[in-house]
Amino acid sequence: MGITSRQRFPRLLITLCLVTFGIPLSSQEDKTKCHQACHPTVPGKINAHIIAHTHDDVGWLKTVDQYYYGSKKEHSQLGVQYILDSVTSELAKNKDRRFVYVETSFFWRWWEEQNEYVRVSVKELVDQGRLEFLLGGWCMSDEASPHYSALIDQMTLGLKYLNDTFGECGQPKVAWQIDPFGHSAEVALEFADMGFDGVFFGRIDHEDIALRKKNKTMEMVWRPDDTLGPEGDFFTGVMYNIYDPPAGFCFDTYCDDEPIMDNPKLHGVNVNTRVSEFIEIVKKYAQAYKTNNVIITMGGDFNYVVASSWFKNIDKLIKYVNAKPNSEVNVLYSTPACYLEALNKENITWPSKMDDDFFPYGSDEHSYWTGYYTSRPTFKYFVYQVNVALQMTKQLKTALPNDTLAEEQFLLQRAMGIAQHHDAVSGTERQHVTDDYSLYLYEGVQAAMKVINAAYR
């Protein structure tokens, strides 16, 4: 069966958005030029792919700017600006290290403040595949509440920014939807059309993930719309522990887990015990997957303010696990793109999920995340109305010279971008955070009126 006109329009719209804004669509040539920094795996061993990451909500308990600056410390003492400072500094110290980052809204704020020396250093990290961007949207969006055009716009805004800043090597290859509360077929189709090689989830229903762990179906080929046939197929992976580190191996400064103590001249040496514990955890994870490759996420919400506390201990885990005689496990710094590269070499026939989605999300037997479909209805309505203003502004802006009132349009795009966050339009944020989103949207509309008025003159 062919694609109906209803199905063609969103898919065509995505392509037009990406091409219009100068974002290169994926090709095999693109995928071989950059991201060639993958560490080798070891045949015959379980390869534990360490994914060093931070999940930085674009507003939740605090506003987006409070999270960026680290203000309102009574709610949280963590600041995204310090995370990016610390991570980029630590990556530069050791070429073996890898890190992935998602939230372009935060990265834009940080990049605007950096001097040329830092920018050159970070561009080198990106070019070498040591700092890899995932997803690329202005935020990690909700998948139930937003209008599809708003989702496409926030993805376009972020991807265009990364392309303008870093070129081809800044182009994400993998979607990373680790915290949204369920996953829709429509968003999966959009990601496939955007050229992503796959998507990774953190949250799916508790009964679903339990069965998948038992049956080794944590990774699959998802066909969210069977009318599209293989064209709509999309590799999908579910992570073992949402997106958190294994129990006992959180090395962030606010965690209580023990570091790796390995100097025999000092007291309290625990390296052998810690290595054995980690190996057993990796073997447990591997039982849920079809290949000898498994993702181990090392990070969490607003982690890596002191990145050295993570990287020093991960360095030691890699060193001592890989040096252990007769170890069944090989540990390596990796990225989701490198992980997919390793899976491709396995030549596995993957289980499939056909014509379905991952809603609703139940985190346990009595907790179904369905109330947020209608939470904060007036704010949802406001977001939808502002989306109408954004679509009108984009159309009318084409009648003006390229740079005319570009900043005014950008202000509205940024406001709509953060409003699609999975703790924004979803309604799961605190009231003062909703108020801040609303203020950004109001300011964006006021700025966009200048574009509209200029176009009609």
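Across the range 91-142, the qualifying residues are those that are farther than 22 Å from ALA175 by Cα, surrounded by 15 or more Cβ atoms within 10 Å (Cβ to Cβ) and among the aliphatic types (A, V, I, L, M), and the one among them that is nearest to the chain's Cα centre (by Cα) is LEU91. If I filter the range 360-379 down to residues being crowded, with 18+ Cβ neighbours inside 10 Å and of a type outside the set (Ser, Thr, Tyr), which single residue comes out as nearest to PRO43 (Cα to Cα)? Checking each candidate, the answer is GLY362. Kindly indicate whether any position in the range 362-375 is assigned to a loop (DSSP other than H, G, I, E, B), closer than 25 Å to TRP60 by Cβ and in contact with a Ser or Thr (Cβ under 8 Å, 6 or more places away or on another chain). So far as the range 362-375 goes, yes, one or more of its residues are assigned to a loop (DSSP other than H, G, I, E, B), closer than 25 Å to TRP60 by Cβ and in contact with a Ser or Thr (Cβ under 8 Å, 6 or more places away or on another chain). Just one of (1) farther than 21 Å from GLU90 by Cα; (2) assigned to a strand (DSSP E or B) fails for GLU132. It is (1).
For ASN453, the criteria (1) in a loop (DSSP other than H, G, I, E, B); (2) more than 25 Å from TRP108 (Cα to Cα) hold in every case but one, which is (1). Residue count for the range 51-89 under the criterion of being closer than 29 Å to LYS284 by Cβ and surrounded by fewer than 22 Cβ atoms within 10 Å (Cβ to Cβ): the result is 1.
Here SER276 meets the list (1) surrounded by fewer than 21 Cβ atoms within 10 Å (Cβ to Cβ); (2) of a type outside the set (Lys, Arg); (3) within 25 Å of ASP57 (Cα to Cα) almost entirely, failing just condition (3). Only one of the listed residues (GLY70, GLY59, GLY44) is under 13 Å from ILE418 (Cβ atoms) and among the small types (Gly, Ala, Ser). That residue is GLY59. Close contacts from the range 62-76, counting a first residue that is more than 15 Å from LEU439 (Cα to Cα) and a second that is among the hydroxyl-bearing types (Ser, Thr, Tyr) and assigned to a helix (DSSP H, G or I), with Cβ to Cβ under 8 Å and a gap of 6+ residues or different chains, come to GLY70/TYR82; SER76/TYR67. Just one of (1) surrounded by fewer than 24 Cβ atoms within 10 Å (Cβ to Cβ); (2) touching a strand residue (DSSP E or B) at 6+ places or on another chain (Cβ under 7 Å) fails for GLN446. It is (2).
Would you please list the contacts, defined by Cβ atoms under 8 Å and residues six or more apart or on different chains, that run from a residue in the range 324-344 that is touching a residue at least 12 places away in the same chain (Cβ under 8 Å) and in a strand (DSSP E or B) to a residue that is surrounded by 23 or more Cβ atoms within 10 Å (Cβ to Cβ) and basic (Lys, Arg)? Every condition considered, the pairs that remain are TYR333/ARG98.
Coordinate-derived values only; no laboratory data. It should be emphasised that the depicted structure is a prediction, and the values quoted were computed from it without experimental measurement. Virtual Cβ from ideal backbone geometry, glycine too; neighbours counted across all protein chains shown.
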